[in-house]
Amino acid sequence: MRLLLRILRYQLVTSMIVLFLGAGLFYVSVRYLIDREANKELFQSQVKVRWQLRHLDTLPVYILQLGDSLQLQPVQYPGRPFMRETSMLNLAENEYQPYRQLVFYERSLGQWYKITISKMLLQRQRLLETVVMTITFIVALLLVSLLLLNSWLSERLWKPFYKTLGKLDQYQIQQHETLEFKKEETLEFDQLNLAVTQLTERIAAAYQNLKEFTENASHEIQTPLAVILSKIEGLFQDETLTESQLVTLSSVSEAANRLGRLNQALLLLTKIENRQFLAGTDPVNLVPIINGKLQDLEDLIVQRKISIQTDMESVGLVIHPALAEILVNNLLTNAIRHNVENGKIIITLRERFFSVKNTGKMLNLNPEQLFERFRKESTVSASLGLGLALVKTICEVNGQNLKYEIDHEWHTLTVSW
Amino acid sequence: MKLLLIEDEKALATSIQNYFQRENFICEWASDYESAIEKINIYKYDCVLVDIMLPDGDGLNAVRELKRKNPETGIIIISAKNSLDDRIEGLNLGSDDYLTKPFHLSELNARVQAVIRRRNFQGNQQIRFGKINIEPQEHFVAVEGQEIILTRKEYDLLIYLIANKNRVLTKESIAEHLWGDDADLMDNFDFIYTHIKNLRKKLMDKGCPDYLRSIYGVGYKFSEQ
């Protein structure tokens, strides 16, 4: 979740809690105050009524305020006085309105009376509602405006951060670039940008060094290897060598050959990563390349009794022609090498993808791991373990997508663009 | 036949010289750009092998000089650089072939012979070995006048074997000659065995003696004895 969204969410939740709790508390306290006031008035009325009842014969009747009502009911025995809230029909407005009643008993002239004083609460209730609503509204408005201000401000202040993040996201080590930023007003972001710039500078330099080293080392290895191989070949012609010496020599020769091929493959990988093979603008038609390769590999295909099925449209992808050759070659040889006896290969080429599907053994590895260098299915095979790494690198450099899927005995490698 | 080898690595140069001396070639050696230019200007060679990375100059300049001075000399570039651009530049300058280090001497030998054949006889020179007769231009192979139909691989194999007659050829070098960069596909060398078997059978069916001898643990040798 985005940082700002998270902050906003916390703020929102806190504001809501504060708003509801505050409003509730406010309502309760105002209501308590109003209730206390109403009760006080009722008790004052009670005192007045009592006093009046005792002096019924001597004083003029003046008891209650307007809107209040008084009921006198003769009863046999007195009960406990109590207070209750009730709705009564207001005849003037013809609707039920809330009243608070105080019921008590008083004896007058030897007769017990149940006296009910009713006090209209409507106005107070209205007042309560108005006050609580108004205050709540003001607070809510305040909170909302604070939230809005906050999110707007954050959005503004965090902008440099997102810019830096975006650039880092786009950063590609293979392009040897250093990230540069404009000066920011916020000190922290300025520091961050500076750190990022320095970091990418160091990365670019280290990467460049590594590439150069790999390339130089690979170059320098070729000549001694050529010497080794030529000396071994000279020795092979020596007829005085015994059989066991020849066998030993043969394995030395095999190892040297292997080293040579490995070196070439690594060199090629480095060159591709260094973007020494830049794609043109026109797509390279893969059909002739695939057909040519299938012809080259015919021996292998026939020997392993593999049947090939092609379904191709005359299309291709934008890529350096040499890389297209390597891509096709590696995918096809991979499909042959890891195939089973009497296996099948299905080659599909469409407007937006090229896929090679082959039968093979079940895999223990996660298929994506086979894209890693020197990752092999088995240690027995003579493969260098660089074939798919090369394909992967080619796809990465040219912006194509490479996918490896396994469905039971079917292995599918798809390049899409 | 006279060869000039321009190569700064002494050990490699010695091996190459030894190899071609057995082939009854005269193989001269120039270890730097200066002496190479000197030799080019004085003598005439059938084929020149140039390492384009020399300590005191670009071998490609030697190729240019050679083309100017003596255009009919065959040129094979041997280089540790194998980038496409280098290959294209080398071939554009007029070299006949480009071989990347490390290579098999037998491969170099086969290519040198092909270049000399092309240069000197426009490819029309017949290749003869015992009872076998080959006309490279037509890809025609015959044993005592009877034509033999060979597949492309079998033909390439035969030419390679004859080019390196009386020498032990390793299975790797044969595989690399026939399949190039795909050679590492051969998990085992059954493929070579299949081709060898087929070629041998086709030759012997027409009454050709078995010239091919397998050398235990190493490879094969093609010879008349």
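The values are calculated or read from the model by the stated rules, or taken from the named source; none is laboratory data. Predicted model, so just to flag it, every value in this text is computed and none were measured. With ideal geometry, Cβ positions are generated from the backbone for all residues, glycine too; neighbour counts draw on all protein chains shown. SASA here: full protein model, heavy atoms, side chains in, ligands and nucleic acids out. Shrake-Rupley method; radii C 1.70, N 1.55, O 1.52, S 1.80 Å.
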Seminar exercise, completed: Only one of (1) under 45 Å from the mean Cα position of the chain (by Cα); (2) modelled with pLDDT of 90 or more does not apply to A:Leu268, and that is (2)
Exercise. When B:Ile159 is evaluated against the numbered criteria (1) within 25 Å of B:Met1 (Cβ to Cβ); (2) modelled with pLDDT under 90, which criterion, by number, is the only one it fails?
Worked result: (2)
For this session: Scan (1) at pLDDT 85 or above; (2) among the hydroxyl-bearing types (Ser, Thr, Tyr); (3) out of contact with any strand residue (DSSP E or B) (no Cβ under 9 Å at 6 or more places or on another chain) for the single condition A:Ser253 breaks and write down its number.
Result: (3)
Exercise. In the list A:Leu259, A:Leu278, which residue meets the criterion of being open to solvent by 30 Å² or more (accessible area, probe 1.4 Å) and at pLDDT 85 or above?
Worked result: A:Leu259
For this session: Determine, yes or no, whether A:Phe213 is more than 10 Å from every other protein chain (Cβ to nearest Cβ), of a type in the set (Phe, Trp, Tyr) and crowded, with 17+ Cβ neighbours inside 10 Å.
Result: no
Problem set entry | Which numbered condition B:Leu161 fails, given (1) within 11 Å of chain A (Cβ to nearest Cβ); (2) closer than 28 Å to A:Gln264 by Cα; (3) of a type outside the set (Gly, Ala, Ser) | (1)
Problem set entry | Residues of the stretch A:295-321 classified as out of contact with any Lys or Arg (no Cβ under 9 Å at 6 or more places or on another chain), under 28 Å from B:Thr151 (Cβ atoms) and open to solvent by less than 30 Å² (accessible area, probe 1.4 Å), total | 2
Exercise. Which residue, of A:Gln191, A:Gln245, is within 14 Å of chain B (Cβ to nearest Cβ), more than 30 Å from B:Asp51 (Cα to Cα), open to solvent by 80 Å² or more (accessible area, probe 1.4 Å) and not charged (D, E, K, R)?
Worked result: A:Gln245
For this session: Determine whether the stretch B:127-140 contains at least one residue that is within 14 Å of another protein chain (Cβ to nearest Cβ) and surrounded by fewer than 17 Cβ atoms within 10 Å (Cβ to Cβ).
Result: no
For this session: Starting from the stretch A:237-265, keep only residues that are touching a residue at least 40 places away in the same chain (Cβ under 8 Å), then list their pairs with residues that are outside any loop (DSSP other than H, G, I, E, B) and of a type in the set (A, V, I, L, M, F, W, C) whose Cβ atoms are within a distance under 9 Å, requiring at least 6 positions of separation or different chains.
Result: A:Arg261/B:Ala183; A:Asn263/A:Ala217; A:Asn263/A:Ile221; A:Asn263/A:Leu225; A:Ala265/A:Ala389; A:Ala265/A:Leu390
Seminar exercise, completed: Picking from A:Thr186, A:Thr223, A:Thr178, the residue that is out of contact with any strand residue (DSSP E or B) (no Cβ under 6 Å at 6 or more places or on another chain) and open to solvent by less than 40 Å² (accessible area, probe 1.4 Å) would be A:Thr223
For this session: Take the stretch A:147-187 and flag every residue that is in contact with a Pro (Cβ under 9 Å, 6 or more places away or on another chain) and either over 30 Å from A:Gln276 (Cβ atoms) or basic (Lys, Arg) (or both).
Result: A:Lys182, A:Glu184, A:Glu185, A:Thr186
Seminar exercise, completed: Sole miss for B:Tyr216 among (1) exposed (fewer than 15 other Cβ atoms within 10 Å of the Cβ); (2) of a type in the set (Ser, Thr, Tyr); (3) modelled with pLDDT of 85 or more is condition (3)
For this session: Within the stretch A:76-134, work out how many residues are charged (D, E, K, R) and part of a strand (DSSP E or B).
Result: 8
Exercise. Name the residues in the stretch A:259-280 that are more than 8 Å from chain B (Cβ to nearest Cβ) and basic (Lys, Arg), would you?
Worked result: A:Arg275
Exercise. Within the set of pairs 6+ apart or on separate chains, which have a first residue in the stretch A:91-115 that is open to solvent by 80 Å² or more (accessible area, probe 1.4 Å), a second that is assigned to a strand (DSSP E or B), and C-beta atoms under 8 Å apart?
Worked result: A:Tyr96/A:Ser87; A:Tyr96/A:Met88; A:Tyr96/A:Leu89; A:Tyr96/A:Asn90; A:Arg107/A:Tyr113
Exercise. Restricting the stretch A:322-345 to residues that are open to solvent by 60 Å² or more (accessible area, probe 1.4 Å) and within 23 Å of A:Leu370 (Cβ to Cβ), which is farthest from the other protein chains (Cβ to nearest Cβ)?
Worked result: A:Lys344
Exercise. Can we say B:Lys153 is open to solvent by 10 Å² or more (accessible area, probe 1.4 Å), at pLDDT 85 or above and at the interface with chain A (Cβ under 9 Å from one of its Cβ atoms)?
Worked result: yes
Exercise. Is it the case that the stretch A:375-384 has a residue that's at pLDDT below 75 and within 31 Å of the chain's Cα centre (by Cα)?
Worked result: yes
Seminar exercise, completed: Result of the Cβ filter at 7 Å on the stretch A:119-133, keeping first residues that are charged (D, E, K, R) and partners that are surrounded by 14 or more Cβ atoms within 10 Å (Cβ to Cβ) and at pLDDT 80 or above, at least 6 apart or interchain, is A:Lys119/A:Ala38; A:Lys119/A:Glu41; A:Lys119/A:Leu42; A:Lys119/A:Tyr99; A:Lys119/A:Arg100; A:Arg124/A:Ile34; A:Arg124/A:Ala38
Exercise. Can you name the residue in the stretch B:156-168 that is out of contact with any strand residue (DSSP E or B) (no Cβ under 6 Å at 6 or more places or on another chain) and not hydroxyl-bearing (Ser, Thr, Tyr) and is also surrounded by the fewest Cβ atoms within 10 Å (Cβ to Cβ) among such residues?
Worked result: B:Asn166
Problem set entry | Residues of the stretch A:118-164 that turn out to be out of contact with any strand residue (DSSP E or B) (no Cβ under 7 Å at 6 or more places or on another chain) and open to solvent by less than 30 Å² (accessible area, probe 1.4 Å), as a count | 7
For this session: Being within 35 Å of the chain's Cα centre (by Cα) and without any contact (Cβ under 8 Å) to a residue 60 or more places away in the chain is the filter here, so list the residues in the stretch A:328-366 that pass it.
Result: A:Thr348, A:Arg350, A:Glu351, A:Val356, A:Lys357, A:Met362, A:Leu363, A:Asn364, A:Leu365, A:Asn366
